[in-house]
């Protein structure tokens with residue numbers, strides 16, 4: 001969901017009236033941001049069907065994007081539909097997307113007159129060419145790569161295709177260099193053998209798509225938010241945290257995420273914090289990346305959810321210090337009863353929409369939202385950082401706390417009943433209100449009665 005003025009824009013699945021596992025059609029919706037009234041709704045067709053409500057996202061994975069006058073809905077199953085704020089269509093574009101794993105967490109970006117998306121630049125590829133299992137036979141042929149692409153937000157004319165490829169798992173980030181140059185940090189790599197090579201990071205000139213630099217990183221886990229500012233880029237690779245010079249891509253700092261760390265864990269007697277610890281003493285063996293789309297660079301800290309440990313972690317960029325805080329997997333709230341914290345497991349989710357229909361086919365979607373999942377990203381509002389999870393739990397922390405312990409954890413909130421709330425959407429903020437969406441509801445949270 002995104003907010004602009006008094007408008008709240010949402011991309012959802014087309015309504016279903018029976019248990020449904022897959023689909024391609026989405027709907028773009030415009031709501032009144034204050035009252036929640038639906039103002040208009042438009043079909044956003046797709047070319048390729050995919051699992052509905054998958055823990056690895058679906059055709060609704062991309063948030064809408066706006067320049068304040070136009071609203072662009074991207075069905076990552078194969079189309080862009082752009083409207084004015086009254087719902088009149090301005091332009092559209094269709095393409096043939098990748099197979100089952102085309103839908104990831106890459107968000108469309110708008111700046112000046114650019115709408116930047118990631119997709120294959122071809123509209124004429126056969127629909128079955130890129131089905132799951134056939135990618136390896138393409139032998140990394142650049143013709144089939146996905147790239148960042150810029151479209152004129154007013155006309156739909158394609159303005160550039162980035163030189164560097166971008167894997168569908170990547171979440172690129174827009175920003176400005178110290179000299180004012182607009183740039184996008186993007187990446188390649190991850191699971192299922194993405195075609196784009198070499199695996200690693202690229203900083204792209206956002207005005208023309210040319211590469212400012214390319215950094216090859218062996219086994220780069222691209223399914224994380226690319227985080228950078230005027231001085232540095234930060235990323236996670238294996239059990240290390242790396243800081244790169246944003247001007248050159250050269251490595252400035254490497255820090256272990258498991259050795260000599262501070263850990264604050266919950267015991268029957270309450271929280272206890274220990275320093276100079278080995279994280280492997282607190283978690284079981286793992287092979288997957290330590291975080292998925294849940295990292296955010298704010299101030300002197302790089303925050304992340306440590307998916308294997310049900311911990312929220314942070315790296316202090318200046319000192320290299322690494323801290324972890326254990327959090328419960330779920331809070332269960334029932335009328336007239338004390339909150340029950342479940343530390344390791346969550347109640348199985350019903351995975352039903354507001355009409356009561358089952359809208360998924362992957363049993364893993366009923367899990368906790370920790371682990372191997374394209375989890376919703378955090379946001380920062382003032383001094384608070386908000387981490388939502390797939391089961392509707394939201395951890396709120398004071399991001400500038402001097403010590404990451406239980407005192408930094410302001411609340412363990414929820415977006416609905418435990419076992420009946422499911423979401424892969426991040427939170428949005430505007431005009432003193434927080435907004436959220438789940439499989440059943442749109443939610444506006446405010447302190448004003």
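Bear in mind that the values in this text are calculations on the coordinates, not laboratory data. Given the structure is predicted, the values throughout are model-derived calculations rather than measurements. Positions of Cβ are backbone-derived with ideal geometry, glycine not excepted, and every protein chain shown enters the neighbour counts.
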Quiz prompt | Calculated FRET value between residue 354 and residue 446, using beta carbons and R₀ = 22 Å, to 0.05 | solution = 0.50
Quiz item: Among 196, 107, 240, which one shows the biggest mean-square fluctuation in a GNM of the chain, springs joining Cα atoms closer than 10 Å?
Solution: 240
Self-check item: Taking 67, 400 and counting other C-beta atoms within 10 Å, the order from fewest to most
Solution: 400, 67
Exercise. Would you kindly state how much longer the chain becomes between residue 34 and residue 252 on full extension, computed as 0.36 nm times their sequence separation minus their alpha carbon distance, in nm to one decimal?
Key: 73.9 nm
Exercise. Distance from a point 7 Å along Cα→Cβ of residue 181 to each backbone N in the range 188-210: keep the residues under 12 Å and list them by number.
Key: 203-210
Exercise. Please find, in a Gaussian network model of the chain (springs between Cα atoms separated by less than 10 Å), the residue of 203, 52, 125 whose mean-square fluctuation is greatest.
Key: 125
Exercise. Sort 343, 213 so the one with the fewest other Cβ atoms within 10 Å of its own Cβ comes first.
Key: 343, 213
Quiz item: Taking the range 175-243 as the region of interest, what is the percent of Cα-Cα pairs per 10 angstrom bin, listed from the shortest bin to the one with the maximum distance?
Solution: 20, 53, 25, 3
Quiz item: By how many nm would the segment from residue 88 to residue 21 grow when fully extended, if each residue of separation counts as 0.36 nm and the alpha-carbon distance is taken off?
Solution: 21.0 nm
Exercise. Please report how far the C-alpha centroid of the range 3-40 lies from that of the range 140-177, rounded to the nearest whole angstrom.
Key: 26 Å
Self-check item: Rg to Rh quotient for the range 13-58, alpha carbon positions, Kirkwood Rh
Solution: 1.05
Practice problem: State, to one decimal in nm², a quarter of the convex hull surface area for the C-alpha atoms of the range 182-222, i.e. the direction-averaged projected area. | Solution: 2.7 nm²
Quiz prompt | Equivalent ellipsoid semi-axes - Cα gyration tensor, the range 234-321, angstrom | solution = 24, 14, 12
Quiz prompt | Förster radius 56 Å - calculated FRET efficiency between residue 271 and residue 155, Cβ distance, rounded to 0.05 | solution = 0.50
Practice problem: Calculate I(q)/I(0) for the range 1-89 by the Debye formula, one identical point scatterer on each C-alpha and no solvent, and give its log10 at q = 0.11, 0.12, 0.18 Å⁻¹ to two decimals. | Solution: -0.29, -0.34, -0.74
Quiz item: What FRET efficiency would be calculated for the residue pair residue 420, residue 112, taking the C-beta separation as r and a Förster radius of 56 Å, to the nearest 0.05?
Solution: 0.85
Quiz item: In whole Å, what are the Cα extents of the chain along the three principal axes, biggest one first?
Solution: 61, 53, 42
Quiz item: Could you give the alpha-carbon Rg of the range 259-449 over 2.2 N^0.38 Å, rounded to two decimals?
Solution: 1.03
Quiz prompt | Rg and Dmax of the range 188-282, Cα atoms only, in Å | solution = 17.1, 58
